[in-house]
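The values are calculated or read from the model by the stated rules, or taken from the named source; none is laboratory data. Keep in mind that this is a model prediction, so the values were computed, not measured. Quick reminder, even Gly has a Cβ in these numbers, built from the backbone with ideal geometry, and neighbours come from all protein chains shown.
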Amino acid sequence: MRFGIVLFPGSNCEMDCQYVLKEVFSEEVDMLWHKEQRISGYDAIVLPGGFSYGDYLRTGAIARFSPIMKAVEEFADAGGLVLGICNGFQILCEAGLLPGALMRNWSLHFICKYIYIRVENERTAFTNACSPGQALHVPINHNEGCYYADQETLRDLNERGQVLFRYCGPGGEVSEGYNPNGSTENIAGIMNRAGNVMGMMPHPERACEMLLGSEDGRRIFSSVIRRWKGKD
Amino acid sequence: MLSVKVMVTLKSGVLDPQGKTVRNALESLGFKGLADLRIGKIMDIKMDGVSPAEARLQVEEMCRKLLANPVIEDYRYEIQEA
C-alpha cells in the first residue's frame, strides 16, 4: 500500500507518520510538498499534525488553500482514503471535507497528555481493526481541539455512524469528566458521509510502540491497510 | 484609497471561553453590570484602485472564503474613503 503524507509549512508530525507507516507497517510512504498540484499513484493520503502557517487566522484556514488541497479534494471525491490527524483534522474541517470546526480548548490551555477514546463505530475504513466500544490509549497534543458542530450536523453525524471516537475513561465510559477540551458530545474523531475521509485530534502515530507507552494507535493504521487489502 | 474594517465574531450559541475569562477578570476588578463579553477579531484592510461597490463585492467574498468560518463565526464590515 502506498501512502502520501502532505507536508505543509509548519507541519511537525510528518516524520512520526512516515516512521510508523514505513518501519512499523512496512508500507510505502512518500512526502508530498504542499505546492504539488497533482497526486497520483497513492492509496491513502495523510494530513499530519503541526501548526501549518503558524495557525494564523484560524487553525487550518490558510493551509486549506495550499495548491495540493485541490488535489486532495479530488482524491477524496474519487473515494480515496484521507486521514487528518490533529492539524490535519482542522484543515479538513476548514476545507469542508469534514463537517464542523475545531475551536480553542475550553480551558484555554495547550494540552499534551495521554487520554482514552472509545471506538463508536468499528465498521469503517479507519476502525475495522478495533473491537466495538474499545477504549484506545492515545495522546492528544493541541490548543484547538474543541470540536463544534450545530445540532443538525450532530444529529446527522450520530445517525449515520460518522462519529468514530469519543473521549472516555480507561473503561470506555464517556462523561464530561473525561472531556479534555470541551468538545461537543466528547467527539474526538469523525468521518465524512461517504466513509473515506476521517479526522481525529489524538495522535495514533505516537502510540504504535510500547516504548512510547501504547500500541493502540496501530489499530487505526491497521484498519486502513486491512480495508485497502479488502480484508476487513 | 478605501479603508475597510472587517469584524469577525463568534456566532451566538458558540462558547467563548476567552470572553468568559476576560469578563470574570473585569468583575474581579470591580466592574459591574457585565451581562456578557465576547471576543472577536478586527481586520483593517486598505484597498486602492477599486470603487466602493467593487470593494464591497471583493470584501464579501474575502469573508466568505477565508476571513470567517461560517460554521462558528459571523462577519460584518464597513467600507470608508480613507
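What tally of residues in the range A:182-194 results from selecting those that are within 14 Å of chain B (Cβ to nearest Cβ), touching a Pro at 6+ places or on another chain (Cβ under 9 Å) and in a loop (DSSP other than H, G, I, E, B)?
Going through the range A:182-194 one residue at a time, the tally reaches 1.
From the set of residues in the range A:144-172 that are without any contact (Cβ under 8 Å) to a residue 40 or more places away in the chain and under 25 Å from A:Arg104 (Cβ atoms), which is farthest from the other protein chains (Cβ to nearest Cβ)?
A:Asn158
How about the range A:154-181: which of its residues are surrounded by fewer than 19 Cβ atoms within 10 Å (Cβ to Cβ), in a loop (DSSP other than H, G, I, E, B) and out of contact with any helix residue (DSSP H, G or I) (no Cβ under 6 Å at 6 or more places or on another chain)?
Those that are surrounded by fewer than 19 Cβ atoms within 10 Å (Cβ to Cβ), in a loop (DSSP other than H, G, I, E, B) and out of contact with any helix residue (DSSP H, G or I) (no Cβ under 6 Å at 6 or more places or on another chain): A:Arg160, A:Gly161, A:Pro170, A:Gly171, A:Gly172, A:Glu173, A:Ser175.
How many residues are assigned to a strand (DSSP E or B) and either within 14 Å of chain B (Cβ to nearest Cβ) or touching an Asp or Glu at 6+ places or on another chain (Cβ under 6 Å) (or both) when one looks only at the range A:79-132?
Within the range A:79-132, residues that are assigned to a strand (DSSP E or B) and either within 14 Å of chain B (Cβ to nearest Cβ) or touching an Asp or Glu at 6+ places or on another chain (Cβ under 6 Å) (or both) number 4.
Please verify whether A:Arg118 is more than 15 Å from the chain's Cα centre (by Cα), in contact (Cβ under 8 Å) with a residue 24 or more places away in the chain, buried (at least 20 other Cβ atoms within 10 Å of the Cβ) and closer than 24 Å to A:Asp16 by Cα, treating the condition exactly as stated.
no
Of the conditions (1) farther than 25 Å from A:Asn105 by Cα; (2) in a helix (DSSP H, G or I); (3) in contact with a Leu (Cβ under 8 Å, 6 or more places away or on another chain), A:Ile220 clears all except one; give me its number.
Answer for A:Ile220: the failing condition is (1).
Could you check how many residues of the range B:62-82 are more than 13 Å from chain A (Cβ to nearest Cβ), closer than 29 Å to A:Asp55 by Cβ and either surrounded by 11 or more Cβ atoms within 10 Å (Cβ to Cβ) or at pLDDT below 95 (or both)?
Number satisfying all stated conditions: 4.
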